[in-house]
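These notes concern the structure reproduced below.
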Amino acid sequence: MNPFESVMLVAIILLGLMVATMMLVGLRLLRRLNGPTGPTGAPLSVIVDDPEVAAERERQRQTLVELQSSVSQAQSALEHERRQVAQAQAEAVAVRAESAAAKAEVATARSEAQRVLDNAHSEADSVLQRAHRTAEEDAEQLRSTAKRTGEREIAMLTATAKEQAAEAERRLQRLDERERLHSDEAERLAERERLNAEEAERLAERDRRITASDAELAKAEMALQIRKLELEEAHEQRRRELERVAGLTAEQAKAELVETIEMQAKREAALLVRDIEADARINGEQRARHIVVDAIQRVASEQTAESVVSVLHLPSDEMKGRIIGREGRNIRAFETVTGVNLIIDDTPEAVLLSCFDPVRREIGRLTLEKLVLDGRIHPHRIEEVHELARLEVERMCLRAAEDALVEVGITDIHDELVSLLGRLRYRTSYGQNVLKHLVETAHVAGIMASELKLDPALIKRSAFLHDIGKALTHEVEGSHAIIGADLARRYGESEEVVHAIEAHHNEVQPQTIEAVLTQASDACSGGRPGARRESLEAYVKRLERIEEIAGSKAGVEKVFAMQAGREVRVMVRPEDVDEIGAAVLARDVAKQIEEELTYPGQIRVTVVRESRATEIAR
């Protein structure tokens, strides 16, 4: 039975149940209408004559009629369904016949397929036999090929193994060498630890000496207090005696007393300062000298200074005429485009380029060099070559700045600051290249910071950027320290870096350790031998001013500026200047030189007081 027949059967059963249900309901209603009676035994239709009952009865009759019509409709629907079931059964018989025919065809197809399959098996056996023969031949060829390839690979592997063995031997030798270096380093570390222990012992001994000195100073202060009281009493007696004997006024006596007390206080203060400075100098100078010398030695920079070349050599003097051009149009166009003055004189095979801006001068020099090599010199060509030279100089500046940043170890910096740093490649200060000076200063500052257990990164950054303002000194008015601080603040540098930049020439008083170390590293880089040069006129004026400052002091007999102005020896008259006065004089001269002069490095002031006693033996 197919699914359609099953569905039709279920529908017929449901319709039959519905018809039976309706017939039962109708019979029940008929029984209710005819069967009920009243309490006297008469039919309910005779007893009840009420209109409402009659209406109810009428409604029940209509309902019965409707039920009968529904039953008739259900019977007709059932008959219709029966006819459809019969039709479906006929169709099912037809389908069964077609299925039997299809089964017969399937049987025929199966027999045909079996025959084809047998033929295919026989052909497959023959093909398989041919494939086996072919596979055996191919396998034989592959075996021979694999044998030859294996022999070649074995040879190659043997050679590779030998090379790897040699490489392993070399690595073993390098490891032995590294172990030897490590052992040497361990010995050096042990020696350094021993030196540190000795240094700690010396420091402990110095602390003990300082404690003893403090006790002695306390005693000396007590003695000074007693002496001061005695002096006050003596001065009071002297004042009264002077007023009585000499008849001086109170104001005059007071002025003389103040002067005397001031001289005495100066002497005592100078003695105290000299003792304190001597004690501090013994330890502080030794430690500072060790840090500075170690930093300078570890930097190991070049001793010769660079200068910007502004002379261009020509292949021949005929090229000068081509550079000048007809009626001077080429040289005028060159000076207008580049902003560089071109000086052509009687110097053989050379021309001079003059410009206050070193970057512009380098662009002009490169432009003229390219024009001379190309040979085509005319106004339009000058403009083209100048643009190419400008781009090339910008690339070289950017590359120089990037190399300097990599060497110093700074990565996070604004692009505008990188561009300005590149311009310092062609800027010099007293013959010293400013960009190399910045790199050297950063290294010295980093070593000092490491020795002092500070943050090397921040101090190196401050030292590296301290002269950034020199890139704009030809364009912006003002000190390069203030200009550099404004640039650093504008492009997001920290306040510590900004303060170190603006304070490295004392335009602003240094307030942080970064600023002080930046000043020290700048002085080390600029003051080392061979770092800078200055003109003869400025050098002579500086020496004269140093001797003039020292010679203007009272009691000075002779002044000698020595070691290229790095040391000043002052000869004083012993009857006018005593031991304490000599120390005060040296300090006053050094302070005035610091305030009035600009110089690289430091200047030592030495006051010489010599007493001679001569007697003749007769």
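The values are calculated or read from the model by the stated rules, or taken from the named source; none is laboratory data. From a predicted model like this one, the values you see are computed outputs, not experimental measurements. Positions of Cβ are backbone-derived with ideal geometry, glycine not excepted, and every protein chain shown enters the neighbour counts. SASA here: full protein model, heavy atoms, side chains in, ligands and nucleic acids out. Shrake-Rupley method; radii C 1.70, N 1.55, O 1.52, S 1.80 Å.
Among the residues of the range 312-346, what is the count of those that are over 21 Å from ARG361 (Cβ atoms) and in contact (Cβ under 8 Å) with a residue 60 or more places away in the chain?
0
Taking only the range 540-577 into account, find how many residues are closer than 29 Å to GLN264 by Cα, touching a residue at least 24 places away in the same chain (Cβ under 8 Å) and either of a type outside the set (Val, Ile, Thr) or part of a loop (DSSP other than H, G, I, E, B) (or both).
7
When you scan the range 343-396, how many residues do you find that are assigned to a loop (DSSP other than H, G, I, E, B) and of a type in the set (Lys, Arg)? Please lay out each step first, then the result.
Start the filter on the range 343-396 by keeping residues that are assigned to a loop (DSSP other than H, G, I, E, B), which leaves 344-349, 355-357, 375-378.
Going one step further and asking which of them are of a type in the set (Lys, Arg), we end up with 376.
Going through the range 343-396 one residue at a time, the tally reaches 1.
Here are ALA212, ALA190, ALA165, ALA223: which of them is within 30 Å of ASN283 (Cα to Cα) and under 50 Å from the mean Cα position of the chain (by Cα)? Explain how you work it out, then say what you get.
On the way: ALA212 fails: under 50 Å from the mean Cα position of the chain (by Cα); ALA165 fails: within 30 Å of ASN283 (Cα to Cα); ALA223 fails: under 50 Å from the mean Cα position of the chain (by Cα).
None of the others qualify; the one that does is ALA190.
Which of the residues spanning the range 438-482 are under 17 Å from GLY422 (Cβ atoms), open to solvent by 50 Å² or more (accessible area, probe 1.4 Å) and not charged (D, E, K, R)?
Hit for the range 438-482 is HIS474, nothing else.
List the pairs whose first member sits in the range 376-400 and is closer than 17 Å to GLY339 by Cβ and without any contact (Cβ under 8 Å) to a residue 60 or more places away in the chain, whose second member is among the polar types (S, T, N, Q) and open to solvent by less than 30 Å² (accessible area, probe 1.4 Å), and whose Cβ atoms are under 6 Å apart, counting only residues at least 6 apart or on separate chains?
VAL385/THR367; HIS386/THR338; HIS386/THR367; ALA389/THR367
Out of ALA445, ALA389, which single residue is in contact with a Ser or Thr (Cβ under 7 Å, 6 or more places away or on another chain), of a type outside the set (Val, Ile, Thr) and closer than 16 Å to ALA500 by Cβ? Don't jump to the end; show me each part of the working.
Working: ALA389 fails: closer than 16 Å to ALA500 by Cβ.
It is ALA445.
Checking the condition open to solvent by 70 Å² or more (accessible area, probe 1.4 Å), acidic (Asp, Glu), closer than 30 Å to ASP279 by Cα and free of Cβ contacts under 8 Å to residues at least 60 places away in the same chain, which residue from GLU201, GLU123 passes? Step through it out loud before you land on a result.
Numbers: GLU123 fails: closer than 30 Å to ASP279 by Cα.
Only one candidate qualifies: GLU201.
Looking at the range 297-336 only, could you name the residues that are modelled with pLDDT of 70 or more and either on the phi > 0 side of the Ramachandran plot or open to solvent by 100 Å² or more (accessible area, probe 1.4 Å) (or both)? Spell out how you get there, then give the answer.
Going residue by residue through the range 297-336, those that are modelled with pLDDT of 70 or more are 311-336.
Across the range 297-336, the qualifying residues are HIS313, GLU318, ARG322, GLY325, ARG326, GLU327, GLY328, ARG329, ARG332, THR336.
Go through (1) touching a residue at least 40 places away in the same chain (Cβ under 8 Å); (2) open to solvent by 90 Å² or more (accessible area, probe 1.4 Å) and name the single condition ILE580 misses.
For ILE580, the exception is condition (2).
May I ask you to verify whether VAL116 is open to solvent by less than 90 Å² (accessible area, probe 1.4 Å), touching a residue at least 60 places away in the same chain (Cβ under 8 Å), part of a helix (DSSP H, G or I) and among the aliphatic types (A, V, I, L, M)? Steps first, please.
Numbers: open to solvent by less than 90 Å² (accessible area, probe 1.4 Å): yes; touching a residue at least 60 places away in the same chain (Cβ under 8 Å): no; part of a helix (DSSP H, G or I): yes; among the aliphatic types (A, V, I, L, M): yes.
The answer is no for VAL116.
Within the range 425-435, does at least one residue satisfy the condition of being assigned to a helix (DSSP H, G or I), surrounded by 14 or more Cβ atoms within 10 Å (Cβ to Cβ) and either in contact with a strand residue (DSSP E or B) (Cβ under 7 Å, 6 or more places away or on another chain) or among the hydroxyl-bearing types (Ser, Thr, Tyr) (or both)? Please lay out each step first, then the result.
Step one: filter the range 425-435 for residues assigned to a helix (DSSP H, G or I), giving 425-426, 434-435.
Those still in the list that are surrounded by 14 or more Cβ atoms within 10 Å (Cβ to Cβ) too: 425-426, 434-435.
Right, trim to either in contact with a strand residue (DSSP E or B) (Cβ under 7 Å, 6 or more places away or on another chain) or among the hydroxyl-bearing types (Ser, Thr, Tyr) (or both) and you get 426, 434.
Yes - at least one qualifying residue is present in the range 425-435.
Does any residue in the range 61-75 that is under 14 Å from VAL25 (Cβ atoms) come within less than 9 Å, Cβ to Cβ, of a residue that is modelled with pLDDT of 70 or more and not in a helix (DSSP H, G or I) six or more places away or on a different chain, and which pairs are these?
No pair meets every condition.
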